[in-house]
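The values are calculated or read from the model by the stated rules, or taken from the named source; none is laboratory data. The shown structure was predicted, so the numbers you read here are calculated from the model rather than taken from an experiment. As a convention, Cβ positions derive from the backbone with ideal geometry for all residues, glycine included, and neighbour counts pool all protein chains shown.
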Amino acid sequence: MKISRKIILFFCVFAFASFLIFFRLTRADFQTDGAFYSMWSVGYLDYLFSDNQTTPIQWFLIIPWWARLSFHAHPPLVFLIQHIFFQFFGDSDFIALLPFALAGMGSLMLLYSIAKKLYNENLAILSVFILGISTFFTWAQRINYLEGMATFFILLAAFFIIQSRKRGYSMASGIAMGLSFLTKYTSFFLVPFSFLFLFWQDKKLLAIKKFFIFLALASIIFSPVIFYNIMLLITRGHPDVQFSQVFPSMFDAAQKDWPKLFTERQGLNPLRNFFNIRGALGAGYSVIFFITIIISSIYLIVRLSMGEKKHIPLALILFSLILEFLFIPLNERYAAIWSPFLALTAAVFIYEAYQMVSQSKMPFLLYGYGAIVGIIFATEIFFNINTNHFNSPIGRKGVFYSSLRVENLGFKNLEKFLVSQWKYDGIYMPGIKQINSLHDIVFTDKSIRNDDIYLFESGINWFAYTWYLQRQQLYHGIVITSDVDLFRSLDPKVDAFQYLQQNGVKRLFYIMGIRDEVLDASFVRNKDYRSLSEYLYNKIKKAQSQGAPITSKKIYNDNGDAVFEIYKIQLN
């Protein structure tokens, strides 16, 4: 059987885009919200090690059955998918990112199918190429934010909705839309899109049985989250974080449970939100590529004004996105779900411009056009690789690489050393511990056993230590906590080292950050925050100078810089 050139071209484009997603997938450390998202997913546990952003396990001490239906800040599907991967393959950086990378490959396939349905195969292949080289898209599939997975389910729903055309929506459309709601609430823009698309096709379809089945299925799929929020309203007086932010009347009740998130009332400002869209989207692309997207959007508007009906489905999607983010401020991470539709918009402009240029009788125009497009693509590919793959970026941020770039700070190397130490000492539990109550989590003086205890400086990057250190306490039985939490659990009058020694602790390990980049910015700025770690450091150094059995080991990042120092103090 002969394989067509277009199929070969598509798979070459698909392979290159997949390469950009998977190449050096675990280069950067987890240092964003995605760190605790993945930590939740390991045990499917809604807990944040914080008194300022509490969860059901802290409110009720034992997790109620209904609290497993969703999470306090987001719907549950991404956490459930990650949890399944962790259950089968264990918890590691690669396994945490694998579902998002695979979802990215699925998104490429779905965009191809949508573009082919709306336009033609050539434009579909071009749209996949543009999406594949887009810095925003590659970044979103290589970081454990929810948007990487949400994009796949949004495209899945959009595909079934568009495929239905004049027949009315299928059951698959309702199921896919419900699943998209379970990944991220920003997928709600699909609701106005589904109404507008059907109204454009034939407004009579809004009254047929298929449409009501479509709505019912989406609601049934989403019903666990609805029930979860009803139970939160009954027991806590507010729904989850996202819905509480939408409804101002919930502010006071929500502030009691989440004072860190609800510091002041936010008024609705659609005009400000509208102008914020450009800045949020621009952060994820090279300047020349983003200008191309803007020109492409203007071109789409012009073609619509000229009566080009084939562009209406794409325009309705973009309009629905804009409509949603008039009410929700768009930030860089939310903007990631725009990337497939912006790629399709750019593909429409570049493809149709090529058709117009190729019809001219002046070959130099075609060569010139090809050169310009080639420069745009080459610039974005470099910008993409410089943002997502290089150990150290080349050039100035915002010009040669995106501000979205995340770095390898050395946390993976720290974890690698510690886990090897724990396995050697026989204290690492390889399975994943099941957490059912607060008693299974909280560190108290009773947590101290007659073996080793690990402390880390509380100023270490909060997101990173949640994944690389506190995950080990939660799920692998390691006695590890921050210096602040240890001192809080003890009587202020008690000398911590003497107390540990008297309770039979053999060795104390203290992990300190050496370089500022592994520490929280507030910790670096405010010297008062470092008073405890400086006290411990001075105490350790004094004891070491007096001949106490204390050794230390430095941990280096991949660039060879010492970023952590671990002090081992023999107590018994």
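Quick notes on this one:
- Among (1) crowded, with 19+ Cβ neighbours inside 10 Å; (2) more than 18 Å from the chain's Cα centre (by Cα); (3) more than 26 Å from residue 386 (Cα to Cα); (4) among the aliphatic types (A, V, I, L, M) - the single one residue 17 does not satisfy: (3)
- Residues of region 89-109 satisfying the condition of being more than 21 Å from residue 153 (Cβ to Cβ) and out of contact with any Ser or Thr (no Cβ under 7 Å at 6 or more places or on another chain): 89, 90, 91, 92
- Unique match (being over 18 Å from residue 451 (Cβ atoms), in a strand (DSSP E or B) and at pLDDT 85 or above) among 542, 553: 553
- Candidates 2, 6 - the one that is at pLDDT below 95, in a loop (DSSP other than H, G, I, E, B) and among the basic types (Lys, Arg): 2
- Odd one out for residue 526 among (1) among the polar types (S, T, N, Q); (2) within 12 Å of residue 455 (Cβ to Cβ); (3) surrounded by fewer than 16 Cβ atoms within 10 Å (Cβ to Cβ): (2)
- Highlighted here would be helices (runs of 4 or more DSSP H) found entirely within region 113-200 that include at least 3 residues which are of a type in the set (S, T, N, Q), within 22 Å of residue 211 (Cα to Cα) and touching a Gly at 6+ places or on another chain (Cβ under 7 Å), but there are none.
- Screening residue 85 with (1) farther than 21 Å from residue 336 by Cα; (2) outside any helix (DSSP H, G or I) gives one miss only, at (2).
- Of all residues in region 88-112, those satisfying the criterion of being assigned to a helix (DSSP H, G or I) and not aliphatic (A, V, I, L, M) are 88, 89, 93, 94, 99, 100, 104, 106, 107, 112.
- Look at region 473-494: where a residue is under 19 Å from residue 459 (Cβ atoms) and a partner is of a type in the set (Phe, Trp, Tyr) and crowded, with 18+ Cβ neighbours inside 10 Å, sitting 6+ places away or on another chain with Cβ atoms under 6 Å, you get 480/454; 481/443; 482/456; 485/443.
- Residue satisfying all of: in region 20-37; more than 25 Å from residue 255 (Cα to Cα) and either outside any loop (DSSP other than H, G, I, E, B) or among the aliphatic types (A, V, I, L, M) (or both); farthest from the chain's Cα centre (by Cα) among these: 20
- Among residues that are farther than 26 Å from residue 461 by Cα, at pLDDT 95 or above and not in a helix (DSSP H, G or I), residue 70 is included.
- Filter result for residue 407 (out of contact with any strand residue (DSSP E or B) (no Cβ under 7 Å at 6 or more places or on another chain), acidic (Asp, Glu), farther than 30 Å from residue 265 by Cβ and assigned to a loop (DSSP other than H, G, I, E, B)): yes
- Qualifying helices (runs of 4 or more DSSP H) (wholly inside region 441-496; at least 1 residues being at pLDDT below 85): 483-489
- In summary, residue 252 fulfils each of the numbered conditions (1) assigned to a helix (DSSP H, G or I); (2) in contact (Cβ under 8 Å) with a residue 60 or more places away in the chain; (3) closer than 21 Å to residue 50 by Cα; (4) not β-branched (Val, Ile, Thr) with the single exception of condition (2).
- Restricted to region 254-271, and to residues there that are at pLDDT 90 or above and surrounded by fewer than 17 Cβ atoms within 10 Å (Cβ to Cβ), the residue that is farthest from the chain's Cα centre (by Cα) is 256.
- Leading residue by the ranking (surrounded by the fewest Cβ atoms within 10 Å (Cβ to Cβ)) among those in region 201-239 that are in a loop (DSSP other than H, G, I, E, B) and touching a helix residue (DSSP H, G or I) at 6+ places or on another chain (Cβ under 6 Å): 237
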